[in-house]
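One structure is given below, encoded as structure tokens.
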Amino acid sequence: MDNNAVINELQLEVSSLKKYNCSLKRQIEDNLNESTSMESLLNEENSKLQLLVFNLKMEIKNLCKEKRELMDKLESVVRSKSNVKRTHRSTQTEKNCKDIAIQTVYKTVSNYTQTDLNNKDATTQVVKIAKKVVDEQATAIKNIEESFFNKRQETSKPLKQSKCNSIISMCTTAAANKRSDKSLFKELAEANIDTLSSTSIFPSTLKENMKVSVKNDKPLAPIKQSILILGDSQTRDMGLMLKTLLNKSSVNILNIFKPNALLEDVISDVKKLTREFTSNDYVVIIGGSNNAIMGARMNVKQISTKLRELMNKINIVIMSTPYWHNCKENWVNEVIQQNNSKLYSYLSGSGSQDNFRYIDVNSELATRDFTKHGLHMNSAGKVKLLKRLIQKTNNFTPCSNKFVNVDNLVYVPIREMANDMHSIPFLEKNILQKTKP
């Protein structure tokens, strides 16, 4: 009887410990959900701030234009007034000087002619005196003209200084306009340079595995290619990772991720962002997880038509929506699979596949490449996927009118998912049906 009592007590303790462990697990899951929601809110606020900064830059651009126009008008008015005053003053002073000289000469000549009539012997002296007087008047006129010219130069100095200042201001406004007269892609890329340079995402082990050596003493090469990464929270920090993997200063990479966004919202601004893109540039798109999680129907026709318009202009890489590993709701992964197949069939049947590449994430990554909750990729999984992206695109070389699409929508092989069938049980039936002859 004593042994049975001890066993019962131990069983009660074990059951209480199990309940306590379950409560702790629930608390941990709640904390994880709260942290992810807080991260998404902070990211949304950050995107709003970036849009506000862009709007402020556009307002500054408009103000600089208005300032330049006002400066031009003011300069034209000042020039017209200064020219009128100068001509009026110069003509008046010259006329006055000439009149004074003529009057003095006439007076002296008349006086000396009267004396000459009385004294015929002194005619030669009168002529000499008259010549002297004329010479003195000529020198006086020259002195007056020199003084007037000096005054004119002194008055023109502040005008020249004002002209220089206006030219400097025009140059500064022109430089400001050059800085502000940029596309949305370049503005956002410059806004993200400081944040990307101040953050380090790669752990030490990942850096050693990648074996990337970055030299800071190289001169900056001109931008020859632009890569735009659009996605939901799956693409967080992918821009900096891709920049480190490529190790090219001539490539401009911009990563825009929208947490909790549908795939329609992810590509909503793709036309504005790629307005200045050429056939050498790439757009990488990954999303669709929130469509399945929120139960929102994916508008495949709208997405495919929007992307078809860009296929003839730029290179587009579309990645499939990754499965939610360790998910208790089987219907989520079923919806993801249906959306992937529909989107691929629409895009592959568009007829213009020269600049189109499709990569199935679920055939490239396994459960170990995701975080513990199984929804988001971890750093190792992102690096692995980006390396595969570089390999598929041949190091992002332009493929316009030379590309032949050989990718198909690949389901996860049985040997890779053998250890994961307990987490995604519904896939086993679908995979076996696909592999049957």
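The values are calculated or read from the model by the stated rules, or taken from the named source; none is laboratory data. Keep in mind the model is a prediction, meaning the values are calculated, not measured. Methodologically, a virtual Cβ is constructed for each residue, glycine included, from the backbone with ideal geometry; neighbour enumeration extends over all protein chains shown.
Quick notes on this structure:
- Qualifying residue in the stretch 50-58 (condition: out of contact with any Lys or Arg (no Cβ under 8 Å at 6 or more places or on another chain), under 18 Å from Ser233 (Cβ atoms) and not assigned by TED's automatic domain parsing to the domain that holds Asn260): yes
- Of all residues in the stretch 357-385 being among the aliphatic types (A, V, I, L, M) and not in a loop (DSSP other than H, G, I, E, B), the one that is surrounded by the fewest Cβ atoms within 10 Å (Cβ to Cβ): Ala380
- Residue within the stretch 330-351 that is surrounded by fewer than 16 Cβ atoms within 10 Å (Cβ to Cβ), under 31 Å from the mean Cα position of the chain (by Cα) and not aromatic (Phe, Trp, Tyr) present: yes
A quick yes/no check of all residues on (1) surrounded by 13 or more Cβ atoms within 10 Å (Cβ to Cβ); (2) within 30 Å of Leu375 (Cα to Cα); (3) hydrophobic (A, V, I, L, M, F, W, C):
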site	(1), (2), (3)
Val6	no, no, yes
Tyr20	no, yes, no
Arg26	no, yes, no
Glu29	no, yes, no
Thr36	yes, yes, no
Gln50	yes, yes, no
Glu59	no, no, no
Glu66	no, no, no
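- Any hit, the stretch 238-257, residues being surrounded by 22 or more Cβ atoms within 10 Å (Cβ to Cβ), at positive phi and touching a residue at least 24 places away in the same chain (Cβ under 8 Å): no
- Matching residues, the stretch 386-401, being surrounded by 15 or more Cβ atoms within 10 Å (Cβ to Cβ) and at pLDDT 90 or above: Leu386, Lys387, Arg388, Leu389
- Test: Ile253 is closer than 17 Å to Ile314 by Cβ and in contact with a Lys or Arg (Cβ under 6 Å, 6 or more places away or on another chain): yes
- Among helices (runs of 4 or more DSSP H) entirely within the stretch 224-338, having at least 3 residues that are assigned by TED's automatic domain parsing to the domain that holds Val383 and of a type in the set (S, T, N, Q) singles out 289-293, 300-311.
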